[in-house]
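One structure below.
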Amino acid sequence: MAEIIRNYFTPRWRSDDIACACGWRGDSRAMAMELHEEVTDYACPACECTLLIVSHPSIDQVRQAAAEGNLEAGQQLSIIEEALAAYGKPSS
Ligand SMILES: [Zn+2]
């Protein structure tokens, strides 16, 4: 059963251990990552069962997390704002 992370900036999801039904356990860095348009899936490296589904952050979530002092969000926000300045508004 996959755990769903609705806010990318939820603390600790990257480093929390998740136990798979097959007996494997570990954190997201040891899992097989697959990028999709809206989410990133993390699968068990032993049995390929999806363990974690992480929603990509919306720009509002990035702004809010950056305002709360999240360093990664702050970096993403400056990248996003540079891109916005160069290419205009995002389609979403
Ligand atoms: Zn497994």
Testing C20 on (1) within 10 Å of the ligand (Cβ to nearest atom); (2) free of Cβ contacts under 8 Å to residues at least 12 places away in the same chain; (3) among the hydrophobic types (A, V, I, L, M, F, W, C), one condition comes back false. Which one is that?
(2)
Among the residues in the stretch 53-66, are any among the aliphatic types (A, V, I, L, M) and within 14 Å of the ligand (Cβ to nearest atom)?
no
Assess whether P11 counts as being of a type outside the set (F, W, Y), outside any strand (DSSP E or B) and more than 13 Å from the ligand (Cβ to nearest atom).
yes
For V62, work out the one condition from (1) of a type in the set (A, V, I, L, M, F, W, C); (2) over 28 Å from E81 (Cα atoms); (3) in the same structural domain as I80 (by TED's automatic domain parsing) it doesn't fulfil.
(2)
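The values are calculated or read from the model by the stated rules, or taken from the named source; none is laboratory data. Note that this is a predicted model, so its numbers are computed, not measured. Please note: Cβ atoms are built from the backbone with ideal geometry, for glycine as well, and neighbour counts cover all protein chains shown.
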